[in-house]
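Report on one structure; see the data block that follows.
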Amino acid sequence: MGLSNQGSANEGFGNEECWAVETSKDGGKWRFFGRAWKSPGELVLMHAPVRWVRYRQLIPIERSEWSEPVESSGETPMSIVSMEKGTREDLWPGPEHVGLPMLLPGGEIGRLKAFEHDQDGSSWRYTLEFRGAREG
């Protein structure tokens, strides 16, 4: 598939979208995974998603329908998702993915700053940046 780093230049606050993400082991029973905050058109990395993922937009327009579920091959502990296109690819992040948002189990989201892994995939290390802002 070869999903690339589209839109990561929009790392600031102001034009973000929010998407609810759910996961399922069997495609039948769904559990909340988190809320993905991202810029329009931006890809989202996910750490440790299970076999099936689905999502729906909450902000700026709340949609009641969930996307069609997308399945994992299970070959890596990371996936990249294009919510607008309804695609998912399991991968090891590379330099082209630095700056993208990464959604962690439990709903925390940060921006990927660095990633490395052993050739055999037995271990990996990554660095995320977390940001916040207060209103008012």
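Listed by chain and number, the lysines whose alpha-carbon sits under 18 Å from that of LYS29, ignoring those within fewer than 8 places in the same chain, form an empty set. When the alpha carbon gyration tensor of the range 84-136 is reduced to an equivalent ellipsoid, the three semi-axes, largest first, read 24, 15, 11 Å. Modelled label positions at GLU135 and TRP92, each set 7 Å beyond Cα in the direction of Cβ, lie 4.2 nm from each other. Note on LYS38: lysines with a C-alpha under 24 Å away, same-chain residues under 8 apart excluded, are LYS85, LYS113.
What number comes out for the charge environment of THR76, summing +1 per Lys or Arg and -1 per Asp or Glu over other residues with Cβ under 10 Å away? Walk me through the numbers on the way to the answer.
On the way: positive: none; negative: GLU75, GLU89, ASP90.
Neighbour charge sum, excluding THR76 itself: -3.
Recomputing volume of the Cα convex hull per residue in Å³ from the coordinates shown identifies the correct label among (i) 209; (ii) 114; (iii) 141 as (ii).
Bear in mind these aren't lab numbers, they're just calculated from the coordinates by the rules spelled out. Computed from a prediction, not measured in an experiment: that's the story for all the values here. Here the Cβ is made from the backbone with ideal geometry for all residues, glycine too, and neighbour counts use every protein chain on show.
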